[in-house]
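The values are calculated or read from the model by the stated rules, or taken from the named source; none is laboratory data. Keep in mind that this is a model prediction, so the values were computed, not measured. Here the Cβ positions follow ideal geometry from the backbone for every residue, glycine too, while neighbour counts run over all protein chains shown.
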């Protein structure tokens, strides 16, 4: 019995065996997935769009760029697309290498339909979480970009744990002005507490300001 599938989720199949491509394309198309089939890793890399939600069903042993090297290429390029390996000649070292590099599953041919669909469901869930985190990170960075240069400067000191009086002294202004900046920062970033502010900036990669060294 086929599982319920996400029609907005595309399964990219990469295998040099045309019979496998046809069989999996029919199966996944009947299930409701979008399907794109490629007979080589090079063809996949040339045509795949990282913006399309989906996963890759990837043969391990292929002429040219094999499956493990394609997985490494995707990881190196920062493309976070879940990979499900299929192979007729796999061994334990191959499967260990694939799983350590983040593969969802490592399946041997002939492929059991239900096992494959279950792996795709896991891949879809993983990809959805990754995509949501990426969207949230983009929103956070957009909010940070709305800060003025001065607010950004004050933010670095705030998340470093410095008090308003200390920040004012470092920046050559008065404590009241720092309070105004802090209020605007919190409002623009949509947070209510310093703890939430610190968490947000950590996720966005904002570094705390270093204390200003004074000499003499």
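For region 74-87, the set of residues classified as surrounded by fewer than 18 Cβ atoms within 10 Å (Cβ to Cβ) and in a helix (DSSP H, G or I) consists of 75, 76, listed by residue number. Being under 29 Å from the mean Cα position of the chain (by Cα), assigned to a helix (DSSP H, G or I) and over 25 Å from residue 85 (Cα atoms): is that true of residue 206 here? Against the criterion (under 29 Å from the mean Cα position of the chain (by Cα), assigned to a helix (DSSP H, G or I) and over 25 Å from residue 85 (Cα atoms)), residue 206 does not qualify. Applying the condition of being assigned to a helix (DSSP H, G or I) and in contact with a strand residue (DSSP E or B) (Cβ under 9 Å, 6 or more places away or on another chain) to region 32-43 and asking which residue is surrounded by the most Cβ atoms within 10 Å (Cβ to Cβ) yields 41. Restricting 69, 150 to residues that are touching a residue at least 12 places away in the same chain (Cβ under 8 Å) and in the same structural domain as residue 190 (by TED's automatic domain parsing) narrows the list to 150. For residue 23, the conditions (1) part of a helix (DSSP H, G or I); (2) modelled with pLDDT of 95 or more; (3) under 17 Å from residue 8 (Cα atoms) are fulfilled apart from (3). The set of residues in region 45-73 that are buried (at least 22 other Cβ atoms within 10 Å of the Cβ) and part of a helix (DSSP H, G or I) comprises 67, 70, 71. Scan region 107-128 and give yes if some residue there is farther than 30 Å from residue 23 by Cα and surrounded by 11 or more Cβ atoms within 10 Å (Cβ to Cβ), otherwise no. Looking through region 107-128, none of the residues is farther than 30 Å from residue 23 by Cα and surrounded by 11 or more Cβ atoms within 10 Å (Cβ to Cβ). Checking residue 107 against (1) at pLDDT 95 or above; (2) under 27 Å from the mean Cα position of the chain (by Cα); (3) farther than 23 Å from residue 76 by Cβ, which single condition isn't satisfied? The number of the failed condition is (1). The number of residues in region 88-105 being touching a residue at least 12 places away in the same chain (Cβ under 8 Å) and either surrounded by fewer than 21 Cβ atoms within 10 Å (Cβ to Cβ) or not assigned by TED's automatic domain parsing to the domain that holds residue 44 (or both) comes to 8.
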